[in-house]
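Below is one structure; the comments refer to it alone.
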Amino acid sequence: MKELDIKISYSCNNFCIFCLNKDKRNYGEFPILVLKDQIEKSAKAGGEKVIISGGEPLISPYFFELLVFIKEQGIRQIEVQTNGRMLYYEELVKKINKFQPIGFLVSLHFPTPDLYKKYCKSDGFYQVVGGIKNLVKYSIPVLSRLLVGSSNKSKSGS
């Protein structure tokens, strides 16, 4: 399957201490015309899927404009890689649902609110959990990514 991975921006609503892009978070949005050009070229080359990532793509003012453009180009599959916090807002998920088929890869890096806050520098744990529930409620496919390391592994070592 031919797929295109685009970053909308490095902006994010978390401040994760382990983020690979934390030094780029103030770069702003990537130019919308450049993103559309990449999508159009991918579609003309037989692209079947677009992966939208960031930073946090759901806080971009271009997010829905890009979804519309992707569909207009005839690309059917869309995957959004997100920290999931914005998906807590059901009205947003209802709006996203109109772009089916669309799927999400949600990063819930830590299994408890305390660890999440410590390493993501945000109180967003329950927003992420609620966002995953909203996706399930609307039958939007969702996968989750869990960061495993010494800070969140089981005390028993398993």
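Taken together, the values in this text are just the output of simple stated rules run on the coordinates, not laboratory data. On a predicted model such as this, the values are computed, not experimentally measured, just so you know. All Cβ positions, glycine included, derive from the backbone under ideal geometry; neighbour counts span all protein chains shown.
Summary table below
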read-out	value
Least to most buried among Cys19, Cys120 (fewest other Cβ within 10 Å first)	Cys19, Cys120
Listed residues Leu20, Leu108, Leu67, most fluctuating in the chain (Gaussian network, C-alpha, under 10 Å)	Leu20
Least to most buried among Ser42, Ser122 (fewest other Cβ within 10 Å first)	Ser122, Ser42
0 to 90° range, to nearest 10: angle between helix 63-72 axis and the chain longest Cα axis	40
Residue order, fewest to most surrounding Cβ atoms within 10 angstrom, among Ser53, Ser60	Ser53, Ser60
Cross-link pairs Lys22/Lys133; Lys24/Lys71; Lys71/Lys137; Lys24/Lys137; Lys2/Lys22; Lys71/Lys117 - those with Cα-Cα distance over 32 Å	Lys24/Lys137; Lys71/Lys117
Residue-count net charge about Tyr89 - beta-carbon cut-off 13 Å; Lys, Arg +1, Asp, Glu -1	+3
